[in-house]
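See structure below.
The values are calculated or read from the model by the stated rules, or taken from the named source; none is laboratory data. Quick caveat: nothing in here was measured; it's all calculated off a predicted structure. No Cβ is skipped: glycine too gets one built from the backbone with ideal geometry, and neighbour counts run over all protein chains shown. Ligands, DNA and RNA are stripped out before the accessible areas are found, and what is left, the full protein with its side chains, is counted by its heavy atoms. Shrake-Rupley method; radii C 1.70, N 1.55, O 1.52, S 1.80 Å.
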Amino acid sequence: MSSQLLTLRHVGKIFASGTAALDGLDLQVGEAEFLSLLGPSGCGKSTALRIIAGLMQPSAGLVEWRGGRPADIGFVFQEPTLMPWARVWDNVYLPMRLRGFSRAAAAAQVDATLRLVGLDEFARAYPRELSGGMRMRVSIARALALKPPILLMDEPFAALDEITRLKLNDDLLRLKAELGTTI
């Protein structure tokens, strides 16, 4: 049994347009848990993830973190959202650079993260030179670069073929086991 990492209590979100995206969402997420939110398009899954990540405030309810909100939360969006002008290594380095890490101080962690997702051979490639699945793995590596305790993923495999989806799903389960990350 895992200890509670995050609790949502009666969380609601009403947008300025009047659209109610969430109404009374209660959710408990345990440490090192792998949890999936399922539902039809437009039911509020992405909104819930954005509220958890702190990218959006709820209109109602509470988001409670054990020990306070973690400094680092990895977020993988539906699209890879990579910097097309930057090589794979620099895309993964980005969150560390934003935190003030020099290239030298970040090098070992960036290299290890690229190895973890199986892209160490592509560190000098540009995103346009990669397949869709490889670009998604770069996004996952970037989200994992700071070793966040929680990784939020918003339908990251939706646009991928079934074989690539299955491979990336297996990769995520392996990463969860190796890092103990809550996904």
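Check the stretch 30-47 and report whether any residue there is small (G, A, S) and touching a Phe, Trp or Tyr at 6+ places or on another chain (Cβ under 8 Å).
No: zero hits.
Looking at the stretch 131-152, which of its residues are open to solvent by 10 Å² or more (accessible area, probe 1.4 Å) and hydroxyl-bearing (S, T, Y)?
The one that is open to solvent by 10 Å² or more (accessible area, probe 1.4 Å) and hydroxyl-bearing (S, T, Y): S131.
Please count how many residues of the stretch 134-178 are more than 20 Å from G54 (Cβ to Cβ), at pLDDT 85 or above and either in contact with a Ser or Thr (Cβ under 7 Å, 6 or more places away or on another chain) or of a type in the set (D, E) (or both).
1
Inside the stretch 1-33, can you point out the residues that are open to solvent by 70 Å² or more (accessible area, probe 1.4 Å), at pLDDT 90 or above and within 19 Å of L152 (Cβ to Cβ)?
If the condition is that a residue be open to solvent by 70 Å² or more (accessible area, probe 1.4 Å), at pLDDT 90 or above and within 19 Å of L152 (Cβ to Cβ), then R9, D26, Q28 are the ones that fit.
Count, please, the residues in the stretch 51-70 that happen to be part of a loop (DSSP other than H, G, I, E, B), closer than 23 Å to G12 by Cβ and small (G, A, S).
Counting residues in the stretch 51-70 that are part of a loop (DSSP other than H, G, I, E, B), closer than 23 Å to G12 by Cβ and small (G, A, S) gives 3.
I'm checking my understanding of the structure. Among residues of the stretch 88-101 that are open to solvent by 70 Å² or more (accessible area, probe 1.4 Å) and of a type in the set (A, V, I, L, M, F, W, C), which one is farthest from the chain's Cα centre (by Cα)?
Among residues in the stretch 88-101 that are open to solvent by 70 Å² or more (accessible area, probe 1.4 Å) and of a type in the set (A, V, I, L, M, F, W, C), the one farthest from the chain's Cα centre (by Cα) is F101.
Any residue at all in the stretch 68-87 that is among the hydrophobic types (A, V, I, L, M, F, W, C), open to solvent by 30 Å² or more (accessible area, probe 1.4 Å) and more than 30 Å from E129 (Cβ to Cβ)?
Checking the stretch 68-87: at least one residue is among the hydrophobic types (A, V, I, L, M, F, W, C), open to solvent by 30 Å² or more (accessible area, probe 1.4 Å) and more than 30 Å from E129 (Cβ to Cβ).
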